[in-house]
Amino acid sequence: MTDSVLRFGIAGPGTVAHLHSSAIQQAHGAELVAVYGRGEAQTRDFAEQYGIKAYTDLDAFLSSGDIDAITIATASGAHRDIGILAAAKGKHILCEKPLEITPERSEEIISACRENDVQLAVFFQARFDKCTQLAKKAIADGRLGNILLASCQMRWYRTQEYYDSADWRGTWKLDGGGCLMNQGIHTIDLLVHLVGDPAVVSAFQGPCTHDRIEVEDNLCASVVFKNGAIGTIEASTSCSPGFPRRIEISGENGSISIEDNRIVRWEFDEKMEEDEAIVTRFAAAEQGAGGASDPTAIDVTGHRLIVEDFVRCVREKHKPNIDGIEGKRAVDFICAIYESIRSGSPVNLV
């Protein structure tokens, strides 16, 4: 760090890298200084757009003394290799979701960062939404009582052109899965963050509506959580024109429902003075696209907050809010769902 500013390089100049760039440039205590990519023209154009240095040699990028930390914005299945190399070079790592495409590959990144004493965090920006934080507190305070039902729904839409835009999209090797691993992972992360880890999952893959992909674009799963709650998971990139992500959690004493950045249900047996103000403020919140039909239509605020949290953690040497272990929980969940689809049987995680 130079004068308490964390200098970032971005690995991968693709679509999500623009979100990373904007977040870093807006974040207090962060500075964007470089980008690495394999394609010379794309990397150069990206660097010129943001006024930063371009690298097409990975070792030179990771060896640069001008870079303190990197964000990994490559194809999902390439996160491990870059992460291990970056950790060995002493670079702190802020990784785009998923951390990697299997629990084993995720653990390799975690181990490399631990062994080299560098920070590791994952972009799960939905955890920083105010609605999510309010729900987390209400659950922690016991306002729902014992949780009975916890479900999520992601009926999004992606065009055929989206999948055709990069050769890694829709592949098991580099995308790691389809609508659940790539898009639905944010919703899965919210479930484990708010409710807890799964004990048993059983899943089915629906009809495929996109050409030239190896992975699912429609999926449904049932889950029993370790705390005894049950629920369902729906994920799709086939539902035109795309609808808000929805999380519903119900307990013996209350229920909460969230659609993207809006609270649509906030009801408890025991009322509190602030409940009316919460409903008034967040039920009327502007409903953004949230990426439901356009992967570029995502507000940068959550990404910025994660960057700022990461900067503080590096500076003060404490664990990020969403470290590697937290980031791996959603990967574990999703890979169990995929195993259930492959085997045709429930998968027990305990």
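Do we find that residue 242 is under 22 Å from the mean Cα position of the chain (by Cα), buried (at least 17 other Cβ atoms within 10 Å of the Cβ) and part of a strand (DSSP E or B) in this structure? When the stated conditions are applied, residue 242 does not pass them. All conditions in (1) modelled with pLDDT of 95 or more; (2) closer than 21 Å to residue 126 by Cβ hold for residue 339, with the sole exception of (2).
So that you can scan it fast, the table gives a plain yes or no per residue for (1) within 23 Å of residue 144 (Cβ to Cβ); (2) in contact (Cβ under 8 Å) with a residue 60 or more places away in the chain; (3) in contact with a Pro (Cβ under 8 Å, 6 or more places away or on another chain):
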{"residue": "263", "(1), (2), (3)": "yes, yes, no"}
{"residue": "273", "(1), (2), (3)": "yes, no, no"}
{"residue": "281", "(1), (2), (3)": "yes, no, no"}
{"residue": "300", "(1), (2), (3)": "no, yes, no"}
{"residue": "304", "(1), (2), (3)": "no, yes, no"}
{"residue": "310", "(1), (2), (3)": "no, yes, yes"}
{"residue": "329", "(1), (2), (3)": "yes, yes, no"}
{"residue": "341", "(1), (2), (3)": "no, yes, no"}
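Residue-by-condition table, conditions (1) at negative phi; (2) surrounded by 24 or more Cβ atoms within 10 Å (Cβ to Cβ); (3) touching a helix residue (DSSP H, G or I) at 6+ places or on another chain (Cβ under 6 Å); (4) in contact (Cβ under 8 Å) with a residue 12 or more places away in the chain:
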residue	(1), (2), (3), (4)
82	yes, no, no, yes
87	yes, yes, yes, yes
90	no, no, no, yes
101	yes, yes, yes, yes
106	yes, yes, yes, yes
112	yes, no, yes, yes
128	yes, no, yes, yes
134	yes, no, no, yes
140	yes, no, no, no
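You will find that of 284, 330, the residue that is on the phi < 0 side of the Ramachandran plot, of a type outside the set (S, T, N, Q) and modelled with pLDDT under 95 is 284 and no other. Of the residues making up the stretch 181-192, at least one is touching an Asp or Glu at 6+ places or on another chain (Cβ under 8 Å) and either touching a residue at least 24 places away in the same chain (Cβ under 8 Å) or within 19 Å of residue 340 (Cβ to Cβ) (or both). Being surrounded by 24 or more Cβ atoms within 10 Å (Cβ to Cβ), over 24 Å from residue 251 (Cα atoms) and among the acidic types (Asp, Glu) holds for only one residue in 175, 217, 189, and it is 217.
Could you say whether any residue in the stretch 54-63 is within 23 Å of the chain's Cα centre (by Cα), on the phi < 0 side of the Ramachandran plot and crowded, with 19+ Cβ neighbours inside 10 Å? No: zero hits.
Would you confirm, using the coordinates I've provided, whether residue 275 is surrounded by 15 or more Cβ atoms within 10 Å (Cβ to Cβ), of a type outside the set (Gly, Ala, Ser) and under 22 Å from the mean Cα position of the chain (by Cα)? The answer is no for residue 275.
The values are calculated or read from the model by the stated rules, or taken from the named source; none is laboratory data. Source: prediction; values computed, not measured. FYI the Cβ positions are ideal-geometry reconstructions off the backbone, even for glycines, and counts take in every protein chain you see.
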